[in-house]
Every structure is written in structure tokens, then in C-alpha cells.
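Notes follow the structure.
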Amino acid sequence: MFGWQLRKYRKLTDEALVQLFKQTHDKSCVGVLYERYAHLVIGSCMHFVKRTDEAEDIASGIFEHLHEKLLKHDVTYFKSWLFMVTRNECMMHFRRMKKQGFQVDIPAELTENEVEDSFGLESKLSLLEGVLSDLKEMQRICLRFFYFDQLSYEQISEKMNIPVKEVKSHLQNGKRNLKIRLIERDEFKD
């Protein structure tokens with residue numbers, strides 16, 4: 001692939017890359033996704049299997065067959081979907097080991113529905129960042145200061161040079177709009 005095309009692909013969102021791949025079958029799209037997520041997939045595998053060589057083998061298998069899986073599935077949020085694929089592949093790894101007669105204790109977090117690790121957390125933060133960017137500028141800034149920087153109403157008021165009542169209003173409206181957008185994306189249940 002030409003360098004300029006690859007640079008163009010790198011500017012696309014995950015979801016745009018997935019759609020482009022489904023339309024063109026250009027494996028360079030999967031290559032860009034590999035560049036973005038290989039380290040997270042290996043890290044998640046390490047979290048479950050605890051051995052570097054096994055984790056790398058599982059991750060290689062995931063990316064080797066990723067193009068096939070992308071063609072079969074409708075992927076709305078790539079990062080979350082990739083984490084579930086990773087989790088499932090780790091579970092299958094343990095099952096294969098058990099079938100081969102190895103004494104294997106499957107980690108409890110693999111059998112639970114909700115698994116929270118750095119990959120899942122990063123996925124949620126990425127989604128939140130995307131939704132925050134949809135908000136009005138003042139709401140977004142106030143929410144960032146309040147939740148990410150943990151500033152008080154008064155500190156935000158001083159920093160932005162606006163009255164405290166206006167800060168409260170932006171926070172209240174921002175939280176409401178954030179919840180609406182998360183519900184629209186089916187990421188938040190009332």
C-alpha cells in the first residue's frame with residue numbers, strides 16, 4: 001500500500017475503517033486497527049492467561065482472523081466488540097487446554113458477564129470522549145473541569161471567568177445532554 005493511502009486510513013475512526021473494509025475488503029484497514037489495538041489485545045490476553053507467549057499467540061490469532069469476523073458481524077463500537085472477541089478467544093484457549101488434558105483453572109472474570117480491565121475501561125473512556133465532543137462547548141468544558149480535573153464550581157467559575165450559577169447551569173445541562181446521547185447510542189440504561 002502506498003504511504004499516503006495508509007496515512008489517510010490512519011485518520012479514519014475505527015468504525016469508518018470497519019465500514020471501508022466491509023466495502024473494499026482492503027486488509028490495510030485491518031492493519032491500521034492492528035496498529036491501534038495490538039498492544040491492548042496482548043495486554044488483555046496477558047491479564048487472563050498470564051504467560052507472554054500464550055498471550056501473543058492468542059492475539060496473533062485474533063488479528064489473523066479479524067477480517068473474517070468483521071465481514072460476519074455488524075460492529076457498532078469496534079473497541080468494545082474487539083474486547084469481547086479477545087475475551088472469548090481467551091476462554092476458548094482455556095477450553096482447548098482442558099481438552100488436551102492440561103489442568104486448567106479458568107479465571108472467574110472470564111466466566112462473568114461484566115469484565116472490567118484497562119481495555120474495557122479505555123473503551124468506555126473513548127466512548128465518553130466521543131459523546132462529550134457532541135456537547136456544546138461550554139457544557140463540555142465545564143464537565144471536563146468538574147469530572148476529569150475535579151475542580152469545584154468556584155474554581156471552574158474563576159478559570160472560565162463566568163458566574164458560579166452559569167457553571168451550575170452548564171453542568172446540569174451538560175449531564176442531561178450527555179445522558180441523552182448515551183441512551184441514543186444504547187450505552188446507558190435509564
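Kindly provide the set of residues from segment 1-50 that are among the basic types (Lys, Arg) and either under 14 Å from HIS67 (Cβ atoms) or crowded, with 17+ Cβ neighbours inside 10 Å (or both), ordered by number. Of everything in segment 1-50, those that are among the basic types (Lys, Arg) and either under 14 Å from HIS67 (Cβ atoms) or crowded, with 17+ Cβ neighbours inside 10 Å (or both) turn out to be LYS22, LYS27. Kindly evaluate HIS73 against the criterion of being in contact with an Asp or Glu (Cβ under 7 Å, 6 or more places away or on another chain) and modelled with pLDDT under 90. For HIS73, the condition - in contact with an Asp or Glu (Cβ under 7 Å, 6 or more places away or on another chain) and modelled with pLDDT under 90 - is not met. Within segment 76-92, the set of residues being farther than 13 Å from VAL41 by Cβ, at pLDDT 85 or above and surrounded by 13 or more Cβ atoms within 10 Å (Cβ to Cβ) comprises just one member, MET91.
Any residue in segment 15-25 that is assigned to a helix (DSSP H, G or I), basic (Lys, Arg), over 20 Å from THR86 (Cβ atoms) and in contact (Cβ under 8 Å) with a residue 12 or more places away in the chain? Checked segment 15-25: at least one residue is assigned to a helix (DSSP H, G or I), basic (Lys, Arg), over 20 Å from THR86 (Cβ atoms) and in contact (Cβ under 8 Å) with a residue 12 or more places away in the chain.
The values are calculated or read from the model by the stated rules, or taken from the named source; none is laboratory data. All values reported here derive from a predicted model rather than from experimental measurement. No Cβ is skipped: glycine too gets one built from the backbone with ideal geometry, and neighbour counts run over all protein chains shown.
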